[in-house]
Structure formats: C-alpha cells, structure tokens
Amino acid sequence: MIAKKTSTIALLAFVGGTLFFAAYLASLALPKQDFTGFWSAAHLASRNPYSLPLVTAFDRSRGIFTADPAIIKNPPWTLLFLLPLSPFNYEIAFALWLVFEVVAILVCARAIWNLYSPPSSAALFLPLCFGPTIVLLMLGQLDALVLVGITLFLVMAERRQDWAAGASTLLILTKPHVVVLFLLAMALWIVRSRRWTILWSSLLATAASSISVLAINPHIFAEFLERTREYGRETQRYSNLGGIIDCIQGSHILGFLPMFIGLVWLLLFWRKHRSAWDWKKEGMTVLIVSVVCSYYSFPYDEILVLPALIAAYATGNRRVFLLCFIATNLGYALYLFNIAGRLGFNYMFLAWTGSGWLITFFFALKPRLREPATISNSVSRA
C-alpha cells in the first residue's frame, strides 16, 4: 500500500514537473498577451492595477514591450487570486498559472462527469480536445477560476452543502459578465427554493474578499470604477454573436441584442421549469445560453460551456455530439494554424463558435428533450 502511494506521488510529481517545464518554455516562445495584465496587477495591487501609465511603466521595467499593454477589467476581489503570482518573474508565474489551469480544467471536467455517469476517460478527452482550452492556455486568461466556481456550485448544490455553494460564487464573480443569465437563474432559484444560506454565504464571501483587498489598497474600488468608465467608452467589436450583428448592421448598440433576447428567453424558460428545476439539466441549458448571449466575451470564454457539453455527451446522442463537436473544433484549428488568417479573416473569425457549441448541445440532447412529450402522448393514446 505504501509502495503504491509512493509510486502515485512520484508519477504526479513527474507529470507536474513536465507540465511546468513545457509551460515555462511556452512562456518564452509565446508573445506576451493577456496574462501580462494579471501578472502586473498582482505586483501593482497596492498602488493601482487599473492605471495604464503604471502598468506600462511596470511592464517596460521588466522587459515587456507591447503596443497595447494589458490591463485587467475584473472586479477588485479578483486580485486575491492573483496575489500569489507576485513573488515570481513573468516566465515562472506564467508556467505556474498554466499548470493550475490545466489541473483545474481536468478536475472540473471529472467532477461534472461524475454527476451524470461513472468515471470515464471521456472526462479527460473532451477538455483536452476542446478548442477554447487551447486558446485559454495560450493567453493565460482567468476563465479557469470561473469554471471552478461553476463546478463547485453545481456539485455543492447537488449535495445540499449550501455554505460551500454560496462561497463558490465568489469565483464566478471574477467574470460575471460572461454568465449573467446563469447568475440570474441562480438568484431566482434561491428565492423560489428558499435556499437562503447560499445567498448569505455568497454575500459574506464577497464582503470578506472586498475588505481584504481594501486593506491592501483603500482606493481600489474607486480605481476600478474609473477604469470601468473608460472601458464603457470603448467601441471594440467582440468575437461573439453580438459582434456578428455589429459587423452586419454597423451598430455597436445592437451587440446587446443577444443578451436582451437571452433575458426574455430565461424568464420564459424559468416560468416553465421552475417547479422542477434541476441544475444538472435546466442549469446546463441556461449556462450555455448565457455564454453564447453574453455581450462582452471572446472565444476563450467558451471554456465555460464545458460542463454543458460534458452533460450532453454523458446523457445524449454521442454520435451526433461528436459530429458537431469536431465540426466546431475545426474552426479553432483553422484559426490557430493561421489558415483563416491567410484567407483574409481577422480575430472575428471565431465569432460563430459559441453558436456551434449551442447547436452541439441541443442536437445531442434532442431525443432526451423530446422524451417527456413522447411519454405524455403515449399515455394520452392509451
């Protein structure tokens, strides 16, 4: 028994060390992109991580010269999860962050799979062959934290461990704009089911984290609001469904149309399913619609539809799922290998992939979604 545990620890250490070394080499080869903003924010937390002059000066002092310095747009409590990066230089911090993200994604995939089926290698196959995973790791974005929060909420709510379920929302709130509909559904469910402990736990976790950040920088929320006002004046098109509408109509305000339609849909969907709400079924539907309808999102944010896709693969038609999954992943392959770029497409090329995952989800689950109606018709005929 001791020998087995020792060999397991040795294997994990070898895999972790290999992954860290590969990530370190990747940090040297990949251009400095999104992760620089999170790394600089960890160092500038006590000053102003939302300041363009400070971030630019810090990056240049560390040998990072970019035309458009990355500055975080996340709420101040996000800094609590970034501060552990501050003792390290960029390359080591990137490697550690990438190792964390890989482990987090795989653990989340396994936990979600176990909600539906016995353990299977598919829990590792899907996230590792998932286009958004590759983009997320290359950029070092934060969505792995949100994925952990969503997974913890689903698992803990299923086990009725409401304090833990509520505390997990702090991770989701590091990027709330991507999952607005999911958070609204959560609020409606808490009120309907009277699971008030989840609400109190969420408020306590957010308050405690905010107080901790204020102890580091008393002006952090004012600095965040100033950055948010500047961001509100941006007119960048986002590579999502709203961005496609913006490109076609030439109106930035119409980028909100999918979010508005999603809100109307959520109210109708909630009204229909509220009496028998199941996060493993209705919750997954809301999650994937929430990501697709988000006003401000990019392809790496699509990692958050992974729980819904795992649910569709575990309980739906796997042949249909794989056909749609591979077809949508092909778009990522064309983009990552710069085939789309050579054909004249820019970063907006992947704006359709969120809809591709939505189609994958619903087509794979189509027989299951129609099952209640079929049973009802059979009973009526009898």
Practice item. Using the structure shown, select from Lys32/Lys73; Lys73/Lys281; Lys175/Lys281 the pairs with a Cα to Cα distance greater than 26 angstrom. Key: Lys73/Lys281
Exercise for review: Report, ordered by chain and residue number, the aspartates and glutamates lying within cross-link reach of Lys366, taken as a straight Cα distance under 18 Å and ignoring same-chain residues fewer than 8 apart.
Suggested key: Asp278, Glu282
Check your understanding: If you take the square roots of the eigenvalues of the alpha-carbon gyration tensor of the chain and sort them as a ≥ b ≥ c, do you get rounded (a/c under 1.5), prolate (a/b over b/c) or oblate?
Key -> rounded
Check your understanding: By its C-alpha gyration tensor, with a ≥ b ≥ c as the square roots of the eigenvalues, how is the range 220-369 shaped: rounded for a/c under 1.5, else prolate for a/b larger than b/c, else oblate?
Key -> oblate
Exercise for review: Run the dipole for the range 31-369 about the Cα centre, Lys and Arg Cβ at +1, Asp and Glu Cβ at -1, nothing else charged, and hand back the magnitude in debye, nearest 20.
Suggested key: 940
Exercise for review: Could you work out the relative contact order of the chain, using alpha carbon pairs under 8 angstrom and six or more residues apart, expressed as a whole percent?
Suggested key: 17
Revision key, fill the gap. On each of the three principal axes the extent of the alpha-carbon atoms of the range 22-146, given in whole Å and largest first, is 52, 31, 23
Study note, to complete from the structure: The rounded separation in angstrom of the Cα centers of the range 130-176 and the range 197-214 is 16
Study note, to complete from the structure: Ranking Tyr296, Pro218, Trp113 by how far each Cα lies towards the positive end of the charge dipole of the range 31-369 (+1 on Lys and Arg Cβ, -1 on Asp and Glu Cβ), the top one is Trp113
Study note, to complete from the structure: Comparing Arg233, Arg195, Arg60 in a Gaussian network model of the chain (Cα, 10 Å), the one with the largest mean-square fluctuation is Arg233
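All of the numbers you see were taken from the coordinates with simple rules; none came from a lab. Nothing here was measured: the structure is a model prediction, and the numbers come from that model. Cβ atoms come from the backbone with ideal geometry, glycine included; neighbour counts cover every protein chain shown.
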